[in-house]
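The values are calculated or read from the model by the stated rules, or taken from the named source; none is laboratory data. Here the structure is a predicted model, which means the values were calculated and not measured. No Cβ is skipped: glycine too gets one built from the backbone with ideal geometry, and neighbour counts run over all protein chains shown. Note: accessible area is taken over every heavy atom of the protein model, side chains too, but ligands, DNA and RNA are not part of it. Shrake-Rupley method; radii C 1.70, N 1.55, O 1.52, S 1.80 Å.
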Amino acid sequence: MANCKDEAPCCRICLDEESTDNILITPCKCIGSVKYIHISCIQEWLEGKKHKKETPYVNSYIWRGLECEICKAFYKDLIKLPNGKEISLLKFDVHLDAEKFMILESVTNSSSKTIHVVNFSASSYTKVGRGSQCEVRITDVSVSRHHSSFELVYDTKTQMQCIGLTVCDEMSKFGTLVFMRKPIPVKKGKKIQM
């Protein structure tokens, strides 16, 4: 049952007021009585939009329609709270046994978001592409069936200490780009170390 008083801001999903353990945020451009949403309410709503595929090597998560159904503004996945702390609206899991892992985000112009969590503790080599043999699957026509690969690099003397990560273009049609602070092209069939 709603706990909202006449003038107090209320969550547009549960119609309850803000509490110390359930803060109200304004994640979109809506105004008026539909402006506020509890963090836990929007996280639960976004969970319903999540599709996931979990394997020992890669967990892949896709959220479709990450936009407000009223004002159509895209939701940001990180929200900054009044105390300066950032909180993620999207929930995804890192493998429990993952001592070494990488989180990849597919960058698109749509209202969808895709995140891949690569578990290098399960395998130091990971294939990327749109083919079924790839651990990280990216279903885009510009991505080759086996587009690229990631591999951990170990110290040649001890073979125990990880000293880097290589990205190798696997003769893809359009090449591979690694987006760090600025794009770094990876030449066909060549490896770079970061």
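Pairing each residue of segment 135-162 that is at pLDDT 90 or above with any residue that is exposed (fewer than 11 other Cβ atoms within 10 Å of the Cβ) and among the polar types (S, T, N, Q), provided the two are 6+ apart or on different chains, yields C-beta distances under 9 Å for 145/132; 145/133; 146/133.
Here residue 98 meets the list (1) of a type outside the set (Ser, Thr, Tyr); (2) under 16 Å from the mean Cα position of the chain (by Cα); (3) surrounded by 14 or more Cβ atoms within 10 Å (Cβ to Cβ) almost entirely, failing just condition (2). Residue 122 satisfies every condition listed in (1) closer than 22 Å to residue 140 by Cα; (2) of a type in the set (Gly, Ala, Ser); (3) in contact with a His (Cβ under 9 Å, 6 or more places away or on another chain) except (1). Scanning segment 77-93 for residues that are more than 27 Å from residue 119 (Cα to Cα) and surrounded by 11 or more Cβ atoms within 10 Å (Cβ to Cβ) yields a total of 2.
With the structure loaded, tell me whether residue 24 is open to solvent by less than 50 Å² (accessible area, probe 1.4 Å), more than 23 Å from residue 110 (Cβ to Cβ) and of a type in the set (A, V, I, L, M) or whether it fails that test. So residue 24 fits the description; yes. Enumerate the strands (runs of 3 or more DSSP E) found wholly within segment 1-98, keeping only those where 3 or more residues are of a type in the set (Lys, Arg), under 30 Å from residue 121 (Cα atoms) and modelled with pLDDT of 90 or more. Fully inside segment 1-98 and qualifying: 50-54.
Among the residues of segment 125-159, the one identified as basic (Lys, Arg) and over 21 Å from residue 114 (Cα atoms) is 157. Considering segment 99-125, and only residues there that are assigned to a loop (DSSP other than H, G, I, E, B) and of a type in the set (A, V, I, L, M), the residue that is modelled with the highest pLDDT turns out to be 122. Checked against the criterion of being of a type in the set (Gly, Ala, Ser) and open to solvent by 30 Å² or more (accessible area, probe 1.4 Å), the candidates 144, 148, 132, 111 yield just one match: 132.
Checking every residue in segment 32-54 against the condition of being over 30 Å from residue 133 (Cα atoms), in contact with a Cys (Cβ under 9 Å, 6 or more places away or on another chain), exposed (fewer than 12 other Cβ atoms within 10 Å of the Cβ) and free of Cβ contacts under 8 Å to residues at least 12 places away in the same chain gives zero matches.
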